[in-house]
Each structure stands twice: as structure tokens, then as C-alpha cells.
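The values are calculated or read from the model by the stated rules, or taken from the named source; none is laboratory data. Quick caveat: nothing in here was measured; it's all calculated off a predicted structure. Positions of Cβ are backbone-derived with ideal geometry, glycine not excepted, and every protein chain shown enters the neighbour counts. Side chains included, ligands, DNA and RNA excluded: accessible areas come from the protein's heavy atoms. Shrake-Rupley method; radii C 1.70, N 1.55, O 1.52, S 1.80 Å.
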Amino acid sequence: MEITVRREDLVRDLQVIQGIVDRRGAIAILSNALLVASNDSLSLSATDLDVSVKAVCPARVKKGGATTLPARKLHDIVKALPSGSDILLRDDEEGFVSVQSERTNYKVATLPKDDFPTLPESKGAQEIALPAAVMSRLIGKTSFAITVEDARYYLGGALLIVHGDTVTMVTTDGHRLCFAREKVEGAKFKEERVLIPRKAINELKQVTEGEETIFFSRTENHLIFRTPRRTLTSKLVEGQFPAHEKVIAAKGPKVGQTKRTELLDALRRVSLLSTERSRAIRLTMKPGEIELHASSPDQGEAVETFAAEYSGEQVDIGFNAQYLIDFLSVLSDAEVTIELKDSDAQGIFYPTSQKDGDSMHRYVLMPMRL
Amino acid sequence: MDAFYAAVEERDRPELRGKPVIIGADPKGGAGRGVVSTANYEARKFGVGSAMPISTAFRLCPQGVFISPDMSKYSAISLEIRAIFEAFTDLVEPLSVDEAFLDVTASVRLFGNGEGIARAIKARIKAETRLTASVGVASAKLIAKIASDLRKPDGLVVVPPGTERAFLAPLPVRRLWGIGPKMEERLAKLGIHTVGQLADAKVTRLLGTHGLDLQRLARGEDDRPVVSDSGPAKSVSVEHTFDVDEGNPRALRKALLRLADELSRRLRAESLAGRTVTLKYRDETFRTTTHARSGRAPTNVASELFETASGLFDDVHGSLKVRLLGIGVSGFTEPVQRGLFEEESPRRGARIDELRDRVREKFGREALVRASDLEDEKGQEGRRDPEGHPLQARLGNPRKAR
């Protein structure tokens, strides 16, 4: 193998694949990226056996070939080299690859390419073309609510639904559920529902960047997301995503509106005196205003009141402040609508400007008993 | 409690026994400026009393052993005693670190009359803390308080209903609350020396409204309720003392399981769930330790309580035999995050507990028992049905049931 790659191309792709490699280093080969040079490109692959990413960048190939190199180390090296430089990769010595730029010369130890696991391929499975921007937005709107608890692995991902002319993503950790749907003009999707594991979601966001279309397919055991330059594969997760339709359909009879940033800032200020563990705050919606209150037995209490459009009966409800902050932070809208029922029922939050229709973003949050 | 601080020090330092012991400020050879907190009965013979300047105490009793108070120690013991009170009634109003009012009206059916409860409490305090307490039993707080002070140490004075006034009458007025040395002097000028005299006197105008209150007290009229300050329960716990110190791991696990079941039942009965599970462990040398672990979500599920408690037990249990095991749950007041899908997927253990409650309610306590309760400590089936057939045969191998 003897190739020349532009530093910027290599950094960008290494950035994507280094998120995949095994952090614990339990299996040495999984810390490495597979480099394959052929035609006019260099492909880089990494896998943790559950999720794999392959990225292809342009290269001047003098001599084709394949090898594996420690992904993180290679990323560090290439990043450290001067911008705009050309990088020469050459395996001229058994067990090593030399990485050269103008003045610097590295000799990096390799592992045998045959030790690298074979990555799953779509093998003619039927592909669905999705707009990459839509996927990216849906991930941005919902991925924060994916559970980080491993105990309920079936919640540990995002549910992707393509149906008719809509693409939907739903996430939940059992306490809250976030739902986002976008309409794709002119699309006619066959219905498909898949659970995308958390780690794959994080990668998918990167894979979609700068792309126009992403092709999605599933095989017996894998999900595959492909763009012309990148491929993400993920093992299918067993388990039933909870029935979210009922949760999403819920309505609260007490409806108020307020400025998103006012609510968000107030939450950040007031929650400073909520207990560290529960982050509990009390939200009181009364005619014309919302009051937030937090108290911690050891530290004291905090109250903030701000204007809201509301004319109904007063309602008090406890929430985890962080859960509210999470949602409000991914919105960009000026106003947010709050639907409540009573202190025991879920709160429903969505951007006020959102019209009833095919695109929607909705957050359902269970209260805390204070 | 009798000479509480001093009694604690005497208990923990046997060499003090028989000597005058004075707990309070440093006397600094007679130049100290603090006061006496407590003097033991030996020291009281020298005229030393609480609230007396420590320098005076030193003058009266220079040979006394002066000790500065160890409040954290006394508070811990105070909590132990409080727990004993709470075993008899939940209406406990602490007056100070070593005094409390108990309303046992509702406990009489369970534990016997006031006198019986008083004796039982005294006995438990003695057995568990090696300290003595004096108890007054009466229909009102004031009378009970005065009665408890009358025969210290280790006293028990019962004032039967209807005899309150007669009981108070011969006592000096100083015994009443609200009568200090000044008031005593004023009353003495009016020829009032005993409580009975005050009760009958027509002098209340001279003493103002305060006089009316005093006269009411003097007549034994005191209807203030015992107010428990504890509010909602902060913890619920159960414990078991083995008849013989227990070393068999099977038997110990079984005991824990029974405790977890019992605790779960009590928590569910009060609709409580807590995040923190505490294991109380006392070994054969009487060394007692407690160990706690907090979970993410509050629980009252028997299987979860058992799991946490046995985890703690495994960490603490060594080669010594066990005298006592207890499990407690606390952390009820913390905000609880509710779940979206609770109705659809209640916790497995919670459903089993609920079913068990229902079966027992319908068919009796013995209708549904744990397989482990059907065997004896050696793992043999022990219990039999009324006809003498071993119960185990119907329920499968208990060893697999775990």
C-alpha cells in the first residue's frame, strides 16, 4: 500500500470512525481501523461488533492494499500535522505503516488485516432513500431522551418509523417520551419500524452530515444506513419499544404558553437549589404567570415568577428540572405550549408555532411526586 | 431518665460507680464559669444540682469527678430510648433529650393498662441501655410529669383518674410548671405553700391571668394533647433476635427473607416506599452495626428489599454468629419520579406481593408461604398440614425455589 491523502479528508473521516472503536481495549483489533486502498480512494472502517462505520475518502493510490492501524492514535497524529498538508501512507516494512507529511515521519505498528472482523453488508436488501437533513434534525430533536440505563435495553435506542410521506423518531427513558415527525414531500414510504441503538444514533448524526440522501435498509440481523461515502451498520436490537401512541395522543385540559427562553433560564436559575439527586422543581401555572419553586432541605429554596398566557385554574406539578431543560434546549422556537391536567398526570410540551399537521415535535413528561 | 448524662458515663466507665459524678463545664479548680448539666445521686448528696454554677459545685464537692458532656453519645442513646417508646405508641412528644410524653390511650388493648406499659417500658430501657428511667402515669401531662419526678431514681408513680387533685394537693407549689422562686415567694406572702392551697385560693386576681392558668394546673386541669413532632414516619423497620445465636447461613437468609416480607407488608399497609434500605446487624459479641444502601427508585417490594438487605448482609457477615438482624427502609420524603409505562409493566415483585396479600386476606396467613419457610434449618421439610402430611411434597423442592 502506498497512497497520498489530504489531511483534511482524513481527519474528517477519522473523526467519524474513532467514536466507534473500543475504549476499553479488551480486544486489540477493535481499537484499530481497517484501511483499504483501491482505485482512487481509501476506505476506513471501525467496529465494536455491534455498530460499524465505514468511510471512504479520496486518495491518490500508487499501490493498493490493506492494513489496520490504531484508530485513535492515527486520528491524533493526523490532527497534529499541519493543515493543508498531504499525507503519505506506506506499508514498506512488515508490521508497520509509515505516516509522512512534509517534515514529520511516523512509523506506526499495525495489526494483521485478516484479524479485523468482516462487516455486514446490505447484499441487495431493499433500500429506502431518506433526506439526510430530516434524519439529522429528528436525531437532534429526540436523542436526548434515550435512556442511559442499561437495565432496560429495549429503551436504549430511538424508534424510527417511516410511513407514507413521514419519517418519525421516538425516544423514551420511561419517565419522558419525545416524539418528532417530519413530512417528506412526495415520498411514499412502505411502513417500516426499527429500533436504532443509542450508539448507532450518535454515529448516524455524524454520518448524515453534509449528505443529501441516506439510504436505509435492514437485513435479518442488521440495520444499514448508507450514503455515497459512508456506511453505518448496527445490530438489530431485540425487544419491544413501549406503546408510545397512547402517550403521544394524551391531552392536558389546562393549556398555557410562555416564552421558551424565559422558562429555560428560570429553570436553570431555580434548579440551582433543587436537590442534586432528584433535580425536583415545582411548577405552578396560574392566570397570567408561571412560578417555579425549588427547595433543598440542606441548602434553602428558590422561587421565580414570569409571565405566561394562561387563564385557567391554578395547577401545581413537580418535574425534574433537567428533563425540562433537555427538551427546551433542543428547540429553537420562541414560544412553548404547556398542557397540564393535575399534579399526577403527565405534562405535554411543544413549540407553540407548531400547526396540527404532519410535522410535529412533542414531549411528554411524567411528574415527580413532591 | 434518671441523672441521664451521669448515668451514661457511669455505665460506660464502671470505675465511676459509687463516686460523685458531675457532668458540666470544666470547673478549672473552682474558677470555671459554666454550669452543672447533671449530677449523679452521689453528687446530689453534697448539694450539687443541675443548673448550679460549676464553681459552686466544685466548692461543695471538690472530690467529685467532673466530666464534660458528650452530647453525641447522649443523643444516640436518646434515639434508642425513643425507639423503645415508639414500639408502644406513635404519639411520643419529646420534652428534652431524656424526657418524653407518651399517649398510650390507643395502645392499652395491645399492651395492657398504663401501669403495665410503664413497667414494660422501664424494663426494656433497662435491658437495652442498662439505664434506669422513672415513669409517671396519669390522665394529664402535668400530673404525669410531676408523678415521674416524685420517686426518682427508677421510680413508678401511678395517679389513677379522679385522684389527680388529691395527688397534687400536698405538694409544694414549686412543683407546678410556671412557678419559679419569685412566684413562690409571692404565693408564700399570700399564705399559699401547697398546690392544694393554690387550688382553693381566691387570689387569682392578684396574680393576673397567669394566676388563672396556675390555678387550673393546681386543680389538675390540663387537657393539652400529646403532640408527636415526628410528622409522617421517617423510617419503618423490623428486626428479629434469634433465640440462640445463629451461624447457619441458610437460617440467616431465611430470617432476612421473613423480615423483608414483614417490612414490605408494613410499608404497603401505609402506602410507603423508600429509597434507602438499612441492615441492622448484631453479632454474638453484641457489636451492633448498621449498613445502608440507596437505590434509584423507592421500593416496598419484598424481593427487592431482600435483595438489597442480603447484599448488605453478605458484605458484613463474617465468621461470628448473629444475635440480631433487622431491615429498615427510609427516604420516603424524597421526590419520586413517576414513570410513563408503570401501568403496563408494574414491577414483577410488586405484583407478587399484591397477589400474596390478596390470597392471605381471603384464605389466611398460612395459605401462601415461601417454600423456604416449609423447611427447617437443615434444609429438610419441617411443617406439616393438619393431617400430618408434609407440606413440601405439594410445593416442589424448596431448594430450587430460591
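How high is the relative contact order of chain A? Use alpha-carbon pairs under 8 Å, at least six apart in sequence, and give a whole percent. Walk me through the numbers before you get to the answer.
Details: 865 pairs, mean separation 47.9, N = 370.
Relative CO of chain A lands at 13 percent.
Can you give me the distance in nm between label points at A:ALA125 and A:ALA28, each placed 7 Å from the Cα along the Cα-to-Cβ direction?
Placing both labels 7 Å along Cα→Cβ, they lie 3.3 nm apart.
What total accessible surface area, summed over both chains, is buried at the interface between chains A and B, computed with a 1.4 Å probe and given in Å² to the nearest 100? Walk me through the numbers before you get to the answer.
Details: alone 17810 and 23080 Å², together 39240 Å².
Counting protein atoms only, the buried area is about 1600 Å².
Taking only DSSP H segments of four or more residues, each worth -39500 (n - 2.57), what value at 222 nm results for chain B once the sum is divided by all its residues, to the nearest 500 deg cm²/dmol?
Numbers: 15 runs with 159 residues, N = 402.
Computed mean residue ellipticity for chain B: -12000 deg cm²/dmol.
For A:ALA250 and A:SER296, calculate 0.36 nm times their separation in residues minus their Cα-Cα distance, and state this gained length in nm to one decimal.
Values: separation 46, 0.36 × 46 = 16.56 nm, distance 3.18 nm.
Between A:ALA250 and A:SER296, full extension yields an extra 13.4 nm.
Measuring from a point 7 Å past the Cα of B:ARG165 along Cα-to-C-beta, which residues in segment B:116-141 have an amide N at less than 17 Å?
From segment B:116-141, the list is B:139-140.
To the nearest whole number, what is the average tally of beta carbon atoms from other chains within 10 Å of the beta carbons of peptide A:213-221?
0
When the helix-only estimate is applied to chain A (DSSP H runs of n ≥ 4, each -39,500 (n - 2.57), divided by the residue count), what is the mean residue ellipticity at 222 nm, nearest 500 deg cm²/dmol?
Working: 7 runs with 69 residues, N = 370.
Value at 222 nm, helices only: -5500 deg cm²/dmol.
Against the globular-protein guess of 2.2 N^0.38 Å, express the Cα radius of gyration of segment B:71-230 as a ratio, rounded to two decimals.
In units of the globular-protein estimate, segment B:71-230 measures up at 1.13.
Could you give the angle, 0 to 90 degrees to the nearest 10, between helix A:260-270's Cα long axis and the longest principal axis of the Cα atoms of chain A?
Helix A:260-270 sits at roughly 80 degrees to that axis.
Which of the pairs A:LYS183/A:LYS286; B:LYS28/B:LYS126; A:LYS190/A:LYS251; A:LYS123/A:LYS199; A:LYS190/A:LYS341 have their Cα atoms more than 32 Å apart in this structure?
Check vs 32 Å cut-off fails for A:LYS183/A:LYS286; B:LYS28/B:LYS126; A:LYS190/A:LYS341.
For chain B, compute Rg over Rh where Rg is the Cα radius of gyration and Rh is the Kirkwood radius from the inverse mean 1/r over Cα pairs. Please list the in-between numbers first.
Values: Rg = 27.2 Å, Rh = 25.3 Å.
Radius of gyration over Kirkwood radius for chain B works out to 1.07.
Of A:ALA133, A:GLN18, A:VAL170, whose Cα points farthest to the positive end of the dipole of chain A (charges on the beta-carbon: +1 Lys, Arg; -1 Asp, Glu; origin at the Cα centre)?
Result: A:GLN18, furthest along the dipole toward the positive end.
How long are the three semi-axes of the equivalent ellipsoid for segment A:250-365, computed from the Cα gyration tensor as the root of 5 times each eigenvalue, in whole Å, largest first? Write out the running numbers ahead of the final one.
On the way: eigenvalues 104, 45, 34 Å².
In descending order, the three semi-axes are 23, 15, 13 Å.
What accessible area per residue, rounded to a whole number of Å², is obtained for segment A:321-370 using a probe radius of 1.4 Å?
Working: 1930 Å² over 50 residues.
That works out to 39 Å² for each residue.
When the C-alpha atoms of segment A:2-115 are aligned to their principal axes, what extent does each axis show, in angstrom, from largest down?
36, 27, 25
Do any residues of segment A:349-370 show a loss of at least 10 square angstrom of accessible area between the isolated chain and the full protein assembly, using a 1.4 Å probe, and if so which?
With the partner chains in place, segment A:349-370 has these residues losing at least 10 Å²: A:MET366, A:PRO367, A:MET368, A:ARG369, A:LEU370.
Per residue, how much accessible area does segment A:2-115 have with a 1.4 Å probe, in Å²?
Numbers: 5560 Å² over 114 residues.
I get 49 Å² per residue for segment A:2-115.
Find the accessible area per residue for segment B:71-230; the probe is 1.4 Å, ligands and nucleic acids are left out, and the unit is Å².
Working: 8730 Å² over 160 residues.
Computed with neighbouring chains in place, this is 55 Å² per residue.
Tell me whether the protein assembly as shown comes out rounded, prolate or oblate; compute the Cα gyration tensor, take square roots of the eigenvalues as a ≥ b ≥ c, and use a/c under 1.5 as the rounded threshold.
Taking the square roots of the gyration eigenvalues as a ≥ b ≥ c, the protein assembly as shown is prolate.
Roughly what % antiparallel, to the nearest 5, for the DSSP beta bridges in the protein assembly as shown? The partial results should precede the final answer.
Values: 150 of 156 bridges.
Around 95 percent of the beta bridges assigned by DSSP in the protein assembly as shown are antiparallel ones.
Under a cut-off of 15 Å between alpha-carbon atoms, report the aspartates and glutamates in cross-link reach of A:LYS107, not counting same-chain residues fewer than 8 places apart.
Cross-link targets: A:GLU2, A:ASP76, A:ASP91, A:ASP92, A:GLU93, A:GLU94.
Could you calculate the FRET efficiency of B:THR241 with B:SER75 from 1/(1 + (r/R0)^6), where r is the beta carbon distance between them and R0 is 25 Å, rounded to 0.05? Working shown, then result.
On the way: r = 24 Å, r/R0 = 0.98.
The formula returns an efficiency of 0.55 here.
Would you mind checking the tilt of helix B:204-218 against the longest principal axis of the Cα atoms of chain B, expressed as 0 to 90 degrees and rounded to 10?
40 degrees
Could you compute the FRET efficiency for A:ASN105 and A:ASP265, with r as their C-beta to C-beta distance and R0 at 56 Å, rounded to 0.05?
Efficiency for this residue pair is about 0.60.
So what is the relative contact order for segment B:71-230, in percent, with contacts set as C-alpha pairs under 8 Å and at least six apart?
Values: 219 pairs, mean separation 32.6, N = 160.
Across segment B:71-230, relative contact order equals 20 percent.
For the residue pair A:ASP333 and B:LEU368, what label-to-label distance in nm results when each label sits 7 Å from Cα along the Cα-to-beta-carbon direction?
So the label points at A:ASP333 and B:LEU368 sit 4.8 nm apart.
Rounded to two decimals, what is the ratio between the C-alpha radius of gyration of chain A and 2.2 N^0.38 Å?
Its radius of gyration relative to the 2.2 N^0.38 Å reference: 1.18.
Taking the Cα centre of each part, how many Å lie between segment B:70-125 and segment B:275-307?
Measuring centre to centre over Cα atoms gives 24 Å.
Measuring from label point to label point, each 7 Å out along Cα→Cβ, what is the B:ARG216 to A:LYS183 span in nm?
That separation, rounded to one decimal, is 7.6 nm.
Under unit Cβ charges (Lys, Arg +1; Asp, Glu -1), what dipole magnitude, rounded to 20 debye, does the protein assembly as shown have relative to its Cα centre?
Working: 114 positive and 110 negative charges, 353 e Å.
Result for the protein assembly as shown is approximately 1700 debye, rounded to the nearest 20.
Would you mind telling me the share, in percent, of accessible area of the protein assembly as shown contributed by carbon and sulfur at probe 1.4 angstrom?
On the way: 19320 of 39240 Å².
That fraction is 49 percent.
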